[in-house]
Every structure is written in structure tokens, then in C-alpha cells.
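Everything below concerns the one structure shown next.
The values are calculated or read from the model by the stated rules, or taken from the named source; none is laboratory data. Bear in mind the structure is a predicted one, so any value in this text is a computation, not a measurement. Ideal geometry is used to build each Cβ from the backbone, glycine not excepted, and the neighbour counts take in all protein chains shown.
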Ligand code: FES
């Protein structure tokens, strides 16, 4: 049996949850509306880098002479700081950001080629036109705040300028992947809040959004139930009241109570203090009254009261409507 008090409580908690997220959406939406797109891109001090060299293609060895011992899916010529390289892929990644498996060979000598930190730093400096000076490159592992989907390790070079620019470069090729600065990091924080992407998945299709969607549906559902109940209680038939003889503090009195209101709340409105710890929530088992009426015990009462208590006419006043009674005692045993 669903306790109406529990529905109200759930509705309040869900309202708070959904309300807080709505405020976050409003705040972050305002930020996006006012955001300086260029500054927030992180590219304030970014400039293009040309890697193209002038080695004649006639000096390049054929691909068939490369020392590759795995099945090759594709191979292409790339330039890194003027050096011609064959990029041999042994696995075709779905996206640029998914984990890649490839090997680089010098296109003239055919020897395996690995980028050096000094080359990484030179490329980072070439991609930067700000006033800062560059730190030594550091090889960093995912996740990266600027792109939660990025699965490849990247070099990071930091510049000590006014917006703390960070340049991220591909671990093998030195290709500039992204510039990041204080503005883009603030934008990322706002995106995280807006899309509830607290695990940095890089999108909005994640389990927390699904849970939040279900919570919103439950809020709507509980709201409809409560509205329906309120409408019922406002209908002429629901306004019907009952006369109940109540024994309290040794005195018997006849009270006119709303038939569709839980007895606990109906008595409280008449200043009859029924013991409780949960405020009518159906969990403390304190709001015991005794009655001579034949009222079916609810599952909650069967859990909180003993069989002997139920057999003797004890019931929990928050579990029944006032209309189910004609005679109750808050002073146990005096009916
Ligand atoms: S008020 Fe707590 S169980 Fe009824």
C-alpha cells in the first residue's frame, strides 16, 4: 500500500533535485549566452603550424621496404617539422580520439621514428603567438578536461601567460590537438554542469542523465497523483465528514472529522497529541490508537505491531482515514 505521506515526501525531494538542476541549467545557459566564443575556444594564442619539408619525393623508399611485421591496414606520408614519415596503421580507429595503433618510419631511411621532447616543444612554440614562455613537455595520460573522449596519451606544454595556456600534442606525431586556457577551462566546467557530465564522458548520453530523466518522470507522476488526490478531497463526496468518539486524557468527546483525511492528521488538527517520531510517515510505529471498529490492518501495521496488539484493536492512526472509525482511544485500553 502506498502511503500518501510518502508520496508527498518523495515529491518534495524530487522537486528539490530537479529544481537545483533547473537553476544550474539557467545559470550555465546564461553563461553560454554571454560567453566570448573566441576566448572560450582556448585558441587565443594559437596559430597554424606548417610541417611540410622540401625533401624530394624521389628519395623516399617504397612502402614495401618498410620493416613491418603486422598486417598493414593503411599507410600515408606525413610531415613532422620538415621530416617526411610513413605513418603505417595496423588498426583503423573509429575516431581521432579513440586509442590508435600505428608506427612511424622515416620515409628516406625506412627506420622507425620516434618524436623527441625537444621537437615537441618546438612544435608547441610554433603553434603559439602569445607572450609566455614554454615549459618542458610532459607526456600525460587521459582523461583530458578539454575532451573527455580523448583516449590517447598527449604531450602537454604549458605557457606562463595571462590565461595559463596549455598546448596538447599527439604523443607520436607531435600534431597539435588542442590549446586550452583559463577561459576554455571555465567553459568546460559550465558544460560539465550543464550536461551533468561529472564523469567527463564528453557527451550527454550517460547514465546520470537517464537517472535524472527518470527522476523527472517520477516527479511528474507523483505530482499528478497528488493533484488527483487533492481534487478528490475537494469533491463534494470527499467532503463528507464523520463523527468519531475520541477518548483522550481520560475524557470522551465526539469530534467531527474529515472522512478522507488520515486519522493521525485529523486528530492533530483537534489538538489531540498522538505520539510520533516520523510525523505521520508510517515508519516509527508510535502513533498507536485503539479502536473497537473492525478495521483491516495494513501491511505496515503488520510489520510494526505485534499480532496480539492488532488482535486487541490497536492500529496506527497514520495508516487509516478518519472515516474508517467511529470510536477510538488515544489512551490505550480505555475504549
Ligand atoms: S506516525 Fe509514525 S508510524 Fe504513524
**Complete:** How many residues of the range 313-330 are away from the ligand (no atom under 11 Å from the Cβ), over 18 Å from residue 241 (Cα atoms) and not in a loop (DSSP other than H, G, I, E, B)? The answer is 2
**Prompt:** Do we have residue 295 as more than 10 Å from the ligand (Cβ to nearest atom) and assigned to a strand (DSSP E or B) here?
**Reply:** no
**Fill in**
Only one of (1) near the ligand (Cβ under 7 Å from one of its atoms); (2) touching a helix residue (DSSP H, G or I) at 6+ places or on another chain (Cβ under 7 Å) does not apply to residue 286, and that is (2)
**Request:** For the range 179-192, state whether one or more residues are within 30 Å of residue 113 (Cα to Cα) and in contact with a strand residue (DSSP E or B) (Cβ under 7 Å, 6 or more places away or on another chain).
**Result:** yes
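Have a look at 5, 68, 80, 72 and point out the one that is touching a strand residue (DSSP E or B) at 6+ places or on another chain (Cβ under 9 Å), surrounded by 17 or more Cβ atoms within 10 Å (Cβ to Cβ), at pLDDT below 85 and more than 30 Å from residue 190 (Cβ to Cβ). Steps first, please.
Working: 68 fails: surrounded by 17 or more Cβ atoms within 10 Å (Cβ to Cβ); 80 fails: at pLDDT below 85; 72 fails: surrounded by 17 or more Cβ atoms within 10 Å (Cβ to Cβ).
That would be 5, the only listed residue that is touching a strand residue (DSSP E or B) at 6+ places or on another chain (Cβ under 9 Å), surrounded by 17 or more Cβ atoms within 10 Å (Cβ to Cβ), at pLDDT below 85 and more than 30 Å from residue 190 (Cβ to Cβ).
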**Request:** List every residue pair whose Cβ atoms sit under 6 Å apart, with the two residues 6 or more apart in sequence or on different chains, where the first one lies in the range 288-310 and is loosely packed, with under 14 Cβ neighbours inside 10 Å and the second, anywhere, is not in a loop (DSSP other than H, G, I, E, B).
**Result:** 292/327
**Request:** Run down 117, 143 and say which single residue is surrounded by fewer than 18 Cβ atoms within 10 Å (Cβ to Cβ) and either under 24 Å from residue 186 (Cα atoms) or outside the structural domain of residue 54 (by TED's automatic domain parsing) (or both).
**Result:** 143
**Prompt:** more than 11 Å from the ligand (Cβ to nearest atom), part of a helix (DSSP H, G or I) and either assigned by TED's automatic domain parsing to the domain that holds residue 250 or modelled with pLDDT of 90 or more (or both): does that describe residue 310?
**Reply:** yes
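Would it be correct to say that residue 169 is on the phi < 0 side of the Ramachandran plot, loosely packed, with under 15 Cβ neighbours inside 10 Å and free of Cβ contacts under 8 Å to residues at least 60 places away in the same chain? Give the steps one after another, and end with the answer.
Working: on the phi < 0 side of the Ramachandran plot: yes; loosely packed, with under 15 Cβ neighbours inside 10 Å: no; free of Cβ contacts under 8 Å to residues at least 60 places away in the same chain: yes.
When the stated conditions are applied, residue 169 does not pass them.
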**Message:** So residue 182 passes all but one of these: (1) farther than 26 Å from residue 30 by Cβ; (2) without any contact (Cβ under 8 Å) to a residue 60 or more places away in the chain. Which condition number does it fail?
**Reply:** (1)
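Yes/no matrix, rows are residues, columns are (1) within 13 Å of the ligand (Cβ to nearest atom); (2) outside the structural domain of residue 9 (by TED's automatic domain parsing); (3) on the phi > 0 side of the Ramachandran plot:
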position	(1), (2), (3)
246	no, yes, no
256	no, yes, no
259	no, yes, no
269	no, yes, no
273	yes, yes, no
276	yes, yes, no
280	yes, yes, yes
300	yes, yes, no
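Which one of these is outside the structural domain of residue 125 (by TED's automatic domain parsing) and in contact with a helix residue (DSSP H, G or I) (Cβ under 7 Å, 6 or more places away or on another chain): 212, 195? Spell out how you get there, then give the answer.
Details: 195 fails: in contact with a helix residue (DSSP H, G or I) (Cβ under 7 Å, 6 or more places away or on another chain).
After ruling out the rest, the residue left standing is 212.
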